[in-house]
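The values are calculated or read from the model by the stated rules, or taken from the named source; none is laboratory data. None of the values given here were measured: they were computed from a predicted structure. Cβ atoms come from the backbone with ideal geometry, glycine included; neighbour counts cover every protein chain shown.
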């Protein structure tokens with residue numbers, strides 16, 4: 001049986017991030033991807049020109065339709081624009097036994113806000129407590145905790161601040177720091193430092209979505225969290241290396257790099 005992975009996220013009409021990136025990642029990693037769309041965006045390589053949140057009823061109906069009939073081995077969340085959506089999705093996840101990867105999306109690659117300020121507290125108190133793994137970048141860490149990371153040595157402080165909200169594991173993504181791309185995965189007891197070379201490639205749209213979906217794919221296959229995260233890091237590093245120009249702005253990572261013999 002092919003494992004089933006469900007993404008609960010927004011649609012990126014440009015195809016580089018969001019639901020589209022999630023499903024491409026899941027296909028590339030050998031799981032069956034399913035989707036609950038939370039918002040529709042008008043989005044391209046230059047930025048987000050518009051966003052329309054779906055009604056909570058539509059999100060709940062999509063989730064129940066898929067989970068009650070097909071079943072799910074892992075869940076990944078992305079863009080949840082409002083407090084009401086965050087709380088609804090947290091409640092739905094809490095009613096399953098599936099591991100959940102929470103990507104607390106705050107802003108887009110282009111700096112466009114994708115989360116209402118009023119929803120931040122719901123992310124902290126409702127969504128993070130049901131997360132198996134939370135995957136904030138440094139901007140999202142600052143939004144959620146007030147901890148501003150400027151060096152690798154501060155990643156532990158950031159991880160502790162996020163873990164205080166209740167996720168079982170947190171992966172602090174240090175991609176915005178200089179030097180190697182270093183991330184810290186910890187549950188407060190174990191620490192796993194993941195390093196990869198930093199490629200001089202500006203076409204990195206969809207990196208966070210891709211990484212979270214890759215982790216969920218590994219968990220759906222039964223991998224322990226550290227192994228799922230390490231495999232996801234390897235996949236996303238190859239995808240970043242293969243990122244390509246698209247339109248007039250920032251292009252996407254290459255979700256199909258392994259199909260083309262990339263390394």
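So that you can scan it fast, the table gives a plain yes or no per residue for (1) out of contact with any strand residue (DSSP E or B) (no Cβ under 6 Å at 6 or more places or on another chain); (2) touching a residue at least 60 places away in the same chain (Cβ under 8 Å):
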{"site": "168", "(1), (2)": "yes, no"}
{"site": "179", "(1), (2)": "yes, no"}
{"site": "185", "(1), (2)": "no, no"}
{"site": "204", "(1), (2)": "yes, yes"}
{"site": "229", "(1), (2)": "no, yes"}
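Of 9, 21, which residue is within 17 Å of the chain's Cα centre (by Cα), part of a strand (DSSP E or B) and modelled with pLDDT of 95 or more?
Values: 21 fails: part of a strand (DSSP E or B).
Selected residue: 9, the only one of 9, 21 that is within 17 Å of the chain's Cα centre (by Cα), part of a strand (DSSP E or B) and modelled with pLDDT of 95 or more.
On the basis of being farther than 21 Å from residue 119 by Cβ, in contact (Cβ under 8 Å) with a residue 12 or more places away in the chain and buried (at least 18 other Cβ atoms within 10 Å of the Cβ), does residue 31 make the cut? Spell out the reasoning first.
Details: farther than 21 Å from residue 119 by Cβ: yes; in contact (Cβ under 8 Å) with a residue 12 or more places away in the chain: yes; buried (at least 18 other Cβ atoms within 10 Å of the Cβ): yes.
Against the criterion (farther than 21 Å from residue 119 by Cβ, in contact (Cβ under 8 Å) with a residue 12 or more places away in the chain and buried (at least 18 other Cβ atoms within 10 Å of the Cβ)), residue 31 qualifies.
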Could you tell me which residue of the range 65-80 is surrounded by the fewest Cβ atoms within 10 Å (Cβ to Cβ), considering only residues that are over 19 Å from residue 210 (Cα atoms) and touching a residue at least 24 places away in the same chain (Cβ under 8 Å)? 70
Given (1) over 24 Å from residue 226 (Cα atoms); (2) surrounded by 23 or more Cβ atoms within 10 Å (Cβ to Cβ), number of the condition residue 25 does not satisfy: (1)
